[in-house]
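Undergrad: Quick one: the structure is below, questions incoming.
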Amino acid sequence: MRTIIILMKVEVFLMFSFGKLIISLTYKKIGVIAVGTTLSLCSVTPAQAATFDISWTGQILGYSAEGRFSYDDAQTFADGVVRGDDLEAFDIAFFDPQGNLIQVFEDNHLTYPGFNFNFDTQTGEILQDGFFNEPNGIDIGEYTVLFDEAGDFIGATGLNFWSAAPAPDGEPIPHVHLTDFGDEFPSLSVGFGSHLDVAFFTRTQAQLLDDPGAGDQLGQRMIATKVPEPSALVGLGAIALLGARLRKKSGAIDSI
């Protein structure tokens, strides 16, 4: 199963060209999380920049993601969709079901060659109903293909959030996965198949687990919430809120 998933992701290895950093998150592991943070919260964001917070919670175990992205709101985008090379900033962090930090990806739009992110400015929705390499799909975090000395494929590594929409019976089944390719975090619980967690937008927990008592909730899409202007909540109050939020995410596992 894992080999099939890895091979599916190997089929396309996209390369993008991206913009500049606005948000910088720095996490340090000193017993609990000690936060040395340099965020756009503390800097002046250009007046034309639109900034959004990102959130997601997994359907099975409750893994989660939180982050922020921004783009130049003065620009005109084809079909009203902001894509990877339109972004001015994109940072994302993933947490285990207990709220402990797993990994932070700063400037993910600049550091991950396969980065795929598409935001519809007209609906305010992150597009994620397609495959990870499609214009309506998502692929963030990290995914690195590994080859041996002979150039043969041997696997992949990376903590990766990606979408798929297989249609075995003709009707697409859109969903997203949080996958630990390469088992870099062996202490983390696996929630569904080989994935840490998933979210099926048209399937309930009971359907996925074949357990009538598992619940009738559908999987949650990754959500974007606009940050009120002036963006990034500049000032000491914002920093205090950030500190309180991150203190809840104690017991960091690791960060990049």
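The values are calculated or read from the model by the stated rules, or taken from the named source; none is laboratory data. Being a predicted model, the structure only gives us computed values, none of them experimental. Please note: Cβ atoms are built from the backbone with ideal geometry, for glycine as well, and neighbour counts cover all protein chains shown. Areas reflect the complete protein model, heavy atoms only, side chains present, ligands, DNA and RNA absent. Shrake-Rupley method; radii C 1.70, N 1.55, O 1.52, S 1.80 Å.
Undergrad: For region 204-220, just list the computed ³J(HN,Hα) in residue order, Karplus coefficients 6.51, -1.76 and 1.60, θ = phi - 60°, integers in Hz, with x standing in for Gly and Pro.
TA: 8, 4, 4, 5, 5, 8, 6, 9, x, x, 6, x, 10, 7, 7, x, 8
Undergrad: Tell me the Kirkwood radius of region 61-214: reciprocal of the mean inverse pair distance over distinct alpha-carbon atoms, in Å.
TA: Result for region 61-214 stands at 16.9 Å.
Undergrad: Leaving ligands, DNA and RNA out of it, report the carbon-plus-sulfur percent of the accessible area of region 158-203 at a 1.4 Å probe.
TA: 50 percent
Undergrad: Can you give the charge dipole size of region 77-219 about its Cα centre, rounded to the nearest 20 debye, using +1 on the beta carbon of Lys and Arg and -1 on the beta carbon of Asp and Glu?
TA: 260 debye
Undergrad: What list of ³J(HN,Hα) values in whole Hz, one per residue of region 126-131 in order, does the Karplus curve 6.51 cos²θ - 1.76 cosθ + 1.60 (θ = phi - 60°) give from phi, with Gly and Pro shown as x?
TA: After applying 6.51 cos²θ - 1.76 cosθ + 1.60, I find 7, 6, 7, 8, x, 6 Hz.
Undergrad: Any idea what % of Cα-Cα pairs in region 157-232 are farther than 17 Å?
TA: 57 percent
Undergrad: When Lys and Arg each count +1 and Asp and Glu each count -1, what net charge do the other residues less than 9 Å away from Leu159, Cβ to Cβ, add up to?
TA: -3
Undergrad: Oh, and also: Find the relative contact order for region 146-195 and round it to a whole percent, using C-alpha pairs within less than 8 Å whose residues are 6+ positions apart.
TA: The normalised contact order for region 146-195 reaches 31 percent.
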